[in-house]
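The values are calculated or read from the model by the stated rules, or taken from the named source; none is laboratory data. Computed from a prediction, not measured in an experiment: that's the story for all the values here. All Cβ positions, glycine included, derive from the backbone under ideal geometry; neighbour counts span all protein chains shown.
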Amino acid sequence: MTTADRELDVLVVGAGLAGLRCARALVDAGREVEVWEAADEVGGRIRTDRVDGFLLDRGFQLLNPAYPAVRRWVDVDALGMQPFGAGVVARTGDGGDDLAVLGHPLRDPRRLPGTLRQVAPRPREAAALARWLAPLLRAPSGRGLAAHLERDTDPPWRTALDTAGADGVLRRVAERFLTGTLLEDDGSTADGYVQLLVRTFLAGVPGLPTDGMQALPRQLADSLGARVRLGSPAESLTTGGSGVLVAGPAGTVRAVHVVVATAAPEAERLTGCPAPAMKGVVTEWFATRQPPGRLGRYLHVDARPVAAGPLVNVAVVSASAPSYAPTGRHLVAASALMGPGRPAPGSAELRHHAGDLLGCVTSSWETVGRHEVPHALPAQPAPLVTRRPQRVADRVLVAGDHRDTGSIQGALVSGERAARAVLRSGAPAVAVR
């Protein structure tokens, strides 16, 4: 067996949310930990580019402070959160300006009259959506919620809507909003998972940190200091003997435990743990000097019977998060699905559909960035499974949202679970040499 240049107690491969949370939990328990990250920055899929004074997250993302793991392990106040409007604006094709504004009645009471005007004429549609959400409405609060929704008969969410008899405008608004949240238009995600998301949306208002989404993983990494080594990919992993050999550009280390907290395809390469199907998104970022639309703080979706373009949503990001654009400029994020057999739409197509949804002229818009993210979210098929196995060998574990739920919540919880598994093992710790 190849000899090691150094010995470690625990090596965490990957400095995304799961890896950082895992490392922090182990350090808090007194273990010696090192984190290897292949990229030049922490964050994994959560990265923020700075371009000409604009902040561009790699793929449109939002942070919901209502996630239990975020409340527990993140200093949300230090992030300087900038909330979006608590609702959605949908172009419905119903005539007139055909814009339906559906707001959270408790978190955005100013929109309550407009929301009632949309819902009151459609009592049958509203009742069907209530039937769809019945498992959630009957669910216990706290930790029992996920177990309540993990049903053997859990169908895909679109099938559950059909069973509830949901149709019409309100269903289309819900479907198009969820299409952008789940990055799918086939309705295949487990209904139990969708209801978990709905509970989170009801509990909090998503927003963006002042310094961009990457401020979240940077905060987690700051407390780890020099334990995080950037530009340090794991090239191979070999189990056996008294530890796990991991080879990298700077040499080979032997670790008592290794936690692979990379993206799912890379975790499969290193460990053989099968990666789930992954869903992709393309986000184009447009800059303009004219305020786009009159309801910029809300996410906009296309809820017409036949969507007029490829976008799953469009947002005037700077209307909610002024730090994302320089003074006198506005920033628009337009997102569409991409993946195998679905090439990413071009800039002109995205721009045209964005202007249609916002109700504004786009001839002066300039592209300031474009991100194509083929592995943005892991698939979460029915039935709902919130805890997938993490141990792949005696001393090797895998962490990430693909081992839990495909979300910031899932990534953080997965990292914590991996750390607890290491601590339960009883294997002796070694000093870093």
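Here are the numbers for this structure:
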| quantity | calculated |
| --- | --- |
| Check on Ala174, closer than 30 Å to Arg72 by Cα, in contact (Cβ under 8 Å) with a residue 24 or more places away in the chain and hydrophobic (A, V, I, L, M, F, W, C) | yes |
| Candidate set from the range 136-145 (those that are in a helix (DSSP H, G or I) and surrounded by fewer than 17 Cβ atoms within 10 Å (Cβ to Cβ)); member that is modelled with the highest pLDDT | Leu137 |
| Test: residue in the range 152-164 that is more than 23 Å from the chain's Cα centre (by Cα), more than 23 Å from Val101 (Cβ to Cβ) and at pLDDT below 85 | yes |
| Spans of strands (runs of 3 or more DSSP E) in the range 301-399 with at least 2 residues under 15 Å from Leu183 (Cα atoms) and modelled with pLDDT of 95 or more | 311-316, 330-338, 366-378 |
| Any hit, the range 170-186, residues being out of contact with any Leu (no Cβ under 9 Å at 6 or more places or on another chain) and among the small types (Gly, Ala, Ser) | no |
| Identity of the residue in the range 197-254, within 13 Å of Ala4 (Cα to Cα) and buried (at least 18 other Cβ atoms within 10 Å of the Cβ), that ends up modelled with the lowest pLDDT | Gly243 |
| In the range 278-318, residue surrounded by the fewest Cβ atoms within 10 Å (Cβ to Cβ) [restricted to those that are of a type in the set (Lys, Arg) and touching an Asp or Glu at 6+ places or on another chain (Cβ under 9 Å)] | Arg304 |
| Among the residues listed as Ala336, Ala354, Ala321, the single one being surrounded by 23 or more Cβ atoms within 10 Å (Cβ to Cβ), of a type outside the set (S, T, N, Q), touching a residue at least 40 places away in the same chain (Cβ under 8 Å) and touching a helix residue (DSSP H, G or I) at 6+ places or on another chain (Cβ under 8 Å) | Ala336 |
| Sole residue being touching a Ser or Thr at 6+ places or on another chain (Cβ under 7 Å), assigned to a helix (DSSP H, G or I) and touching a residue at least 40 places away in the same chain (Cβ under 8 Å), chosen from Leu197, Leu129 | Leu197 |
